[in-house]
Each structure stands twice: as C-alpha cells, then as structure tokens.
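Student: Have a look at this one.
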Amino acid sequence: QKEVEQNSGPLSVPEGAIASLNCTYSDRGSQSFFWYRQYSGKSPELIMFIYSNGDKEDGRFTAQLNKASQYVSLLIRDSQPSDSATYLCATASYNNNDMRFGAGTRLTVKP
Amino acid sequence: GAGVSQTPSNKVTEKGKYVELRCDPISGHTALYWYRQSLGQGPEFLIYFQGTGAADDSGLPNDRFFAVRPEGSVSTLKIQRTERGDSAVYLCASSQTGGGQETQYFGPGTRLLVL
C-alpha cells in the first residue's frame with residue numbers, strides 16, 4: 001500500500017462546476033498536508049497547505065482535513081479551464097524531512 | 001526574488017556514463033531537497049540537506065547516487081554508471097529552515113534521459 005493514495009483520474013468537470021479531489025494517507029504521524037498543482041512538463045507549485053482538522057479556504061480553493069479518517073480533500077469552486085492540471089497531495093511529519101507524494105489526480109475542466 | 005533554478009533543463013546521456021545535475025536554491029534557504037519524478041508518478045524523495053550536511057539520504061536508491069552541497073547553497077546531484085531506469089525528472093526544492101511544516105518551493109527540474 002502506498003503511503004499517499006490518490007485517484008489517478010482523469011477527472012473531468014465542466015467549466016464553472018466544483019471539482020473535488022481526494023487523498024488518503026497511511027502514516028498516522030503525518031502532521032502537515034499539502035496540495036500542489038503541476039501543469040504538464042512543469043514543476044509542482046503549492047496551492048494550499050493544512051495542518052488542523054476541518055476546512056481551510058483560500059479564494060476558490062478549500063482544503064479539508066480529517067485526521068481520524070486519514071483523509072484530505074481539495075475542492076475547487078467555479079472551475080476554470082486554466083485549472084486543468086495534475087493535482088498532487090503530499091504529507092509531512094515532524095519526524096521526517098521529506099514530503100510523501102501521491103501519484104496525482106489529473107483534472108480536466110472543459111469549456 | 002529569484003526562485004529555485006536547475007541546470008541543465010534537459011540531459012541526454014548513454015548508459016554507463018556519469019552525470020551531474022545542479023540546483024541553486026532560493027537565496028537564504030538553508031534546507032534543500034532532491035526528488036525524482038517518473039512519468040505518471042508523484043515526486044519521490046531522494047535526499048535532504050540542512051546547510052552543508054546531508055541530514056537525510058535515506059531516499060537515494062543505491063550507491064550510484066550521491067549529492068553534495070559544499071557551501072550550503074548550490075547542490076549537485078551526481079549519478080554514476082547511469083542506467084536506463086534512471087531516466088526521470090529530477091526536481092530540487094528548497095525551504096527556509098526545513099521541517100515538516102514548511103512549504104517547499106520547487107525548481108523547474110532536469111529531465112534526464114539515459115539511452
């Protein structure tokens with residue numbers, strides 16, 4: 001079992017819809033959770049991070065964390081074609097110096 | 001300010017050759033990370049530097065891989081006797097001081113192709 005699991009997709013949503021991206025993790029010691037966006041051929045760029053249970057909103061993006069269920073999600077409201085990319089979920093713990101990444105979910109937003 | 005830079009952007013080499021990949025982190029960042037990303041996968045941790053020292057090299061796949069950061073800034077990832085399976089994008093990231101809660105900022109990566 002991989003440490004961080006994501007549905008590889010592709011996930012396709014129409015423009016203006018809500019895109020929901022999900023991630024589960026196996027290491028209960030994970031303390032920090034990150035969502036990175038990666039356009040094809042480009043490097044990952046940070047979208048959001050979350051440390052505490054609950055929701056965290058930033059513009060059109062909302063990250064949700066449930067440590068009891070070991071589940072993290074990212075909601076993208078009013079999806080735009082420019083949101084089309086691969087979204088990587090990553091976890092980190094205080095004891096580890098590296099981030100553990102999922103394989104990513106490919107999102108396509110259709111005009 | 002300038003972000004993380006990596007050179008070369010692309011490297012094609014033959015099986016058995018030696019390659020060096022360079023990373024220049026964000027100025028002032030003491031923590032530097034190397035990752036490897038294969039097609040369709042997320043980045044996989046290789047090594048972490050805190051200053052000049054390799055604080056965690058547990059992700060290096062074997063002894064053909066080595067990395068240095070002699071002055072605590074620029075880092076070089078060295079791969080000896082390259083194999084076709086080494087073909088991947090090698091990503092470098094830096095963060096201000098290191099630690100699990102810090103954001104890591106990625107460079108553009110070096111695409112390595114071993115023929």
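Student: In the range B:88-110, how many are open to solvent by less than 30 Å² (accessible area, probe 1.4 Å) and without any contact (Cβ under 8 Å) to a residue 12 or more places away in the chain?
Tutor: First, pick out the residues of the range B:88-110 that are open to solvent by less than 30 Å² (accessible area, probe 1.4 Å): B:88, B:90-95, B:98-100, B:103-104, B:106-107, B:109-110.
Filter again for without any contact (Cβ under 8 Å) to a residue 12 or more places away in the chain, leaving B:100, B:103.
The qualifying residues number 2.
Student: Before we move on, is residue A:24 assigned to a strand (DSSP E or B) and open to solvent by 10 Å² or more (accessible area, probe 1.4 Å)?
Tutor: Yes: the conditions hold for residue A:24.
Student: Determine if the range A:85-99 includes at least one residue that is open to solvent by 50 Å² or more (accessible area, probe 1.4 Å), under 29 Å from residue B:97 (Cα atoms) and within 14 Å of another protein chain (Cβ to nearest Cβ).
Tutor: Checking the range A:85-99: at least one residue is open to solvent by 50 Å² or more (accessible area, probe 1.4 Å), under 29 Å from residue B:97 (Cα atoms) and within 14 Å of another protein chain (Cβ to nearest Cβ).
Student: Which condition number does residue A:55 fail, the rest of (1) in contact (Cβ under 8 Å) with a residue 40 or more places away in the chain; (2) more than 21 Å from residue B:91 (Cβ to Cβ); (3) in contact with a Ser or Thr (Cβ under 8 Å, 6 or more places away or on another chain) being met?
Tutor: (1)
Student: Looking only at the range B:63-115, which residues are among the hydroxyl-bearing types (Ser, Thr, Tyr), under 20 Å from residue B:39 (Cα atoms) and either part of a strand (DSSP E or B) or at pLDDT below 95 (or both)?
Tutor: Within the range B:63-115, B:90, B:110 meet the criteria.
Student: Might you check whether a residue that is within 11 Å of chain A (Cβ to nearest Cβ) and open to solvent by 30 Å² or more (accessible area, probe 1.4 Å) occurs anywhere in the range B:79-87?
Tutor: The answer is no, given that none of the residues of the range B:79-87 is within 11 Å of chain A (Cβ to nearest Cβ) and open to solvent by 30 Å² or more (accessible area, probe 1.4 Å).
Student: Just checking, how many residues over the range B:57-78 are open to solvent by less than 30 Å² (accessible area, probe 1.4 Å) and over 26 Å from residue A:41 (Cβ atoms)?
Tutor: The number of residues fulfilling the criteria is 3.
Student: Check the range A:49-56 and report whether any residue there is open to solvent by 60 Å² or more (accessible area, probe 1.4 Å), touching a strand residue (DSSP E or B) at 6+ places or on another chain (Cβ under 9 Å) and of a type in the set (A, V, I, L, M, F, W, C).
Tutor: Yes; the residues of the range A:49-56 include at least one that is open to solvent by 60 Å² or more (accessible area, probe 1.4 Å), touching a strand residue (DSSP E or B) at 6+ places or on another chain (Cβ under 9 Å) and of a type in the set (A, V, I, L, M, F, W, C).
Student: Is there any pair linking a residue in the range A:38-51 that is without any contact (Cβ under 8 Å) to a residue 24 or more places away in the chain and facing chain B (nearest Cβ under 9 Å) to one that is of a type in the set (Val, Ile, Thr) and open to solvent by less than 70 Å² (accessible area, probe 1.4 Å), with Cβ under 8 Å and at least six apart or on different chains, and which?
Tutor: A:46/B:103; A:49/B:103
Student: Then there is this: Among residues belonging to the range B:35-56 that are open to solvent by less than 20 Å² (accessible area, probe 1.4 Å) and hydroxyl-bearing (Ser, Thr, Tyr), point out the one that is modelled with the highest pLDDT.
Tutor: The qualifying residue modelled with the highest pLDDT is B:35.
Student: List the number of the failed condition for residue A:53; all other conditions in (1) out of contact with any Lys or Arg (no Cβ under 6 Å at 6 or more places or on another chain); (2) of a type outside the set (D, E, K, R); (3) more than 17 Å from residue B:43 (Cβ to Cβ) hold.
Tutor: The single condition residue A:53 does not satisfy is (1).
Student: Given the options A:65, A:75, name the one that is of a type in the set (A, V, I, L, M, F, W, C) and open to solvent by less than 30 Å² (accessible area, probe 1.4 Å).
Tutor: Only one candidate passes the filter, namely A:65.
The values are calculated or read from the model by the stated rules, or taken from the named source; none is laboratory data. Keep in mind that what you see is a predicted model, and the values were worked out from it rather than measured. All Cβ positions, glycine included, derive from the backbone under ideal geometry; neighbour counts span all protein chains shown. Only protein heavy atoms, including side chains, enter the accessible area calculation; ligands, DNA and RNA are left aside. Shrake-Rupley method; radii C 1.70, N 1.55, O 1.52, S 1.80 Å.
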